[in-house]
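The values are calculated or read from the model by the stated rules, or taken from the named source; none is laboratory data. What you are looking at is a predicted structure, and each value in this text was computed from that prediction instead of being measured. Reconstructed Cβ throughout: ideal geometry from the backbone, glycine too, with neighbour counts over all protein chains shown. Keep in mind that these areas ignore ligands, DNA and RNA; they rest on the heavy atoms of the full protein, side chains included. Shrake-Rupley method; radii C 1.70, N 1.55, O 1.52, S 1.80 Å.
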Amino acid sequence: MDSRPRILLLGDYSNCHNTLATGLRRLGCDVTVASNGSKWLDLDRDIDLSRYENKLGGLLISTRLLQWIADGTMSGYDIVAINDVNFVTLRPHRLRFFFDRIRKANSSIFLTAMSTDIAYLDMVAPPDSPLRYSEWFVGDEPSRWHQIKRDEWQAWHASALTRYQRHILDNIDGAVSVLYEYHLGMSRYLGDNKAVYGGIPIDTSLYQPVELPDRIDKVRLFLGRDRNRLAMKGTDLLETAAKRVVEKHPDKAELIIVENRPFAEFTELLKSAHVVLDQIYSYTPATTALMAMAYGLNVVTGGEPEFYDFIGERENRPIINAPIELDPLTDTLEQVVLHPELIAGRGRQSREFVVKHNDCETVARRYLDFWNRRIALKRQS
């Protein structure tokens, strides 16, 4: 491969591909990001894939994709990485057509596994799931989210969508997962040679640590939520638990709730917190938690021992792991509020954790090394 590889990152969620592009550029790569900005998050991108919400929306985005493939805007890359099997808002048969065209027009195509897909859903389903819980199941039983969204579970398993997803997974050159859980699904489906864990990239230079005082009189709990996915992430339980604690200790804690804000505004609002409440149905800290940790804040989110062991972190384990049931979750938050003297030290450890494991240049090197290995093997075969 050329010393300055051309890379197209196609699609984005939670600023993952955009931040990965920053890390890759620092490693000397020529990177283009194409996405719809993740809708209301309004993420930065080089090519806008936003779709008009009308009957002509699909036709217009399809026409633009055909033009971009033909004129070189989306062709001739050494590496293309799609963010999802549904990398553009189109029906499966149209997505399959464009996936095949993009694959043919470029040297290699990979998946950045950063969302739900059939590999993940197959992995979380009982009876042989390696996870004790997920947003879809707790043990062998359907979760609250599953019970609310039974139709969505069925829709994910519709024959047309399942065939399309398996076509994508069977025809990519490999997959890099951003979360431990997604890696379990990908490695089960693709095998260890074609699947690797990369992590979520964070541009730590943008998140200068907040100076948390050693003595905090009133702990500021911060909850950023997506109104469409409250039960999926367990945000509703976090809110209930936090309100219980604030009502019990109004002189020691307050709760700030922020909902569906643009990404740039949201990242600024994070700095007002001492403790950020993210989600409960995860083994792994995701983007919001990692951004907060980069600021040197405390986070309540997924931080299971299996995740720490997986990434080889034996000593620095600063995440306040969120129980998935209301009463234990409330007790956990209450202990945080009753021991504010621990917050500043835990915040410093959080910053150290993100710099070590998730800085965008470190993460980008993992992705690039894997892509290069897979491309080299492809050339040899």
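In degrees from 0 to 90, rounded to the nearest 10, what is the angle of the helix 57-71 Cα long axis to the longest principal axis of the chain?
Rounded to the nearest ten degrees, it is 60.
Of the candidates Ile257, Ile319, Ile343, which one comes out as most mobile in a Gaussian network treatment of the chain with C-alpha springs shorter than 10 Å?
Ranking Ile257, Ile319, Ile343 by mean-square fluctuation puts Ile257 first.
Can you divide the C-alpha Rg of region 8-111 by 2.2 N^0.38 Å and report the result to two decimal places?
1.02
In a Gaussian network model over the chain where Cα atoms closer than 10 Å are linked, find which of Thr284, Thr19, Thr89 has the largest mean-square fluctuation.
Greatest mean-square fluctuation among the candidates belongs to Thr89.
Could you tell me the convex hull volume per residue, in Å³, taken over the Cα atoms of region 80-119? Can you show the working numbers first?
Values: hull volume 2.8 nm³, N = 40.
Cα-based convex hull of region 80-119, divided per residue, equals 70 Å³.
Given contacts defined as C-alpha pairs under 8 Å and at least six residues apart, what's the relative contact order of region 57-179, whole-number percent? Each step should come with its number before you reach the end.
Details: 131 pairs, mean separation 33.9, N = 123.
Answer for region 57-179 is 28 percent.
Once you have all Cα-Cα distances for region 172-224, histogram them in 5 Å bins from zero and send the whole-percent values.
Calculated P(r), rounded to whole percents: 4, 16, 15, 12, 11, 10, 10, 10, 6, 4, 1.
Among the GluC sites (Glu not before Pro) within region 263-312, which fall in a DSSP loop and have no more than 14 other Cβ atoms within 10 Å of their own Cβ?
none
Normalised by the residues of region 209-353, what does the relative contact order come to in percent, with Cα pairs under 8 Å and at least six apart? Show your work: numbers first, answer last.
On the way: 258 pairs, mean separation 43.3, N = 145.
With pairs under 8 Å counted, the relative contact order is 30 percent.
If I take every Cα pair under 8 Å that is 6 or more residues apart in the chain, average their sequence separation and divide by the length, what percent do I get for the relative contact order? Working shown, then result.
Values: 695 pairs, mean separation 63.4, N = 381.
Computed over the chain, the figure is 17 percent.
Hey, rough spin-label estimate for Arg261 and Asp331, points 7 angstrom out along Cα→Cβ, what's it come to in nanometres?
3.3
Test of the criteria: in region 312-381, which GluC sites (Glu not before Pro) are in a DSSP loop and have at most 10 other Cβ atoms within 10 angstrom of their Cβ? Walk me through the intermediate numbers first.
Numbers: sites: Glu313, Glu315, Glu325, Glu334, Glu341, Glu352, Glu361; in loops: Glu313, Glu315, Glu325.
Loop-located and lightly packed - Glu315.
Output the Cα-based Rg and Dmax of region 153-310 in Å, rounding Rg to one decimal and Dmax to a whole number.
18.6, 58
Share of antiparallel DSSP beta bridges in the chain, in percent to the nearest 5? Kindly include the intermediate steps, with their values, before the conclusion.
Details: 3 of 39 bridges.
Roughly 10 percent of the beta bridges in the chain run antiparallel, per DSSP.
Summarise the long-distance tail of P(r) for region 224-306 by giving the % of C-alpha pairs beyond 21 Å. Write out the running numbers ahead of the final one.
On the way: 914 of 3403 pairs.
Counting every Cα pair in region 224-306, those more than 21 Å apart make up 27 percent.
Quick one: angle between helix 159-171 and the longest Cα principal axis of the chain, in degrees between 0 and 90, rounded to 10, please.
The answer is roughly 80 degrees.
Debye sum, Cα scatterers, region 71-211, no solvent: what log₁₀ I/I(0) at q = 0.18 1/Å?
-1.08
At 1.4 Å probe size, put Phe98, Phe263 in order of accessible surface, largest to smallest. Working shown, then result.
Working: Phe98 10, Phe263 30 Å².
In descending accessible area the options line up as Phe263, Phe98.
Express in whole angstrom the spacing between the alpha-carbon centres of region 181-221 and region 331-381.
Computed from Cα coordinates, the inter-centre distance equals 5 Å.
Using a Gaussian network model of the chain whose springs link C-alpha atoms within less than 10 Å, name the residue from Ile109, Ile168, Ile280 with the highest mean-square fluctuation.
Of Ile109, Ile168, Ile280, the Gaussian network model singles out Ile168 as fluctuating most.
Over all directions, how big on average is the projection of the convex hull of the alpha-carbon atoms in region 269-338, in square nanometres? All intermediate terms of the calculation are to be shown ahead of the outcome.
Values: hull surface 19.6 nm².
Averaged projected area of region 269-338's Cα convex hull equals 4.9 nm².
Averaging over every viewing direction, what projected area does the convex hull of the Cα atoms of the chain cover, in nm²?
Working: hull surface 74.5 nm².
If you wrap the Cα atoms of the chain in a convex hull and average its projections, you get 18.6 nm².
Just the accessible area per residue of the chain, please: how many Å² with a 1.4 Å probe?
Details: 16620 Å² over 381 residues.
That works out to 44 Å² for each residue.
What's the longest piece of the chain with no exposed trypsin sites (Lys or Arg not before Pro), counting a site as exposed if DSSP puts it in a loop and it has at most 10 other beta carbons within 10 Å? Don't skip to the end; give the middle numbers.
On the way: sites that count: Lys55, Arg215, Arg227, Arg314.
Longest stretch, sites excluded: 56-214.
Leaving out ligands, DNA and RNA, what percent of the accessible area of the chain is carbon and sulfur, probe 1.4 Å? Mind showing how you got there, number by number?
Values: 7850 of 16620 Å².
Carbon-and-sulfur percentage of accessible area, whole number: 47.
List the equivalent ellipsoid semi-axes of region 48-92 in whole Å, largest first, each obtained as the square root of 5λ for an eigenvalue λ of the Cα gyration tensor. All intermediate terms of the calculation are to be shown ahead of the outcome.
On the way: eigenvalues 81, 38, 11 Å².
Whole-Å semi-axes of the equivalent ellipsoid: 20, 14, 7.
Over 10 Å intervals from 0, what percent of Cα-Cα pairs in region 23-62 sits in each interval?
Spelled out bin by bin, region 23-62 gives 27, 39, 23, 10, 1 percent.
Report, in cubic angstrom per residue, the convex hull volume of the C-alpha atoms of region 1-68. Walk me through the numbers before you get to the answer.
Values: hull volume 5.4 nm³, N = 68.
Hull volume over Cα atoms, normalised by residue count, gives 80 Å³.
With everything on Cα atoms, drop me the angle between helix 92-105 and the longest principal axis of the chain, reported from 0 to 90° to the nearest 10.
Between the helix axis and the principal axis of the chain, the angle is about 70 degrees.
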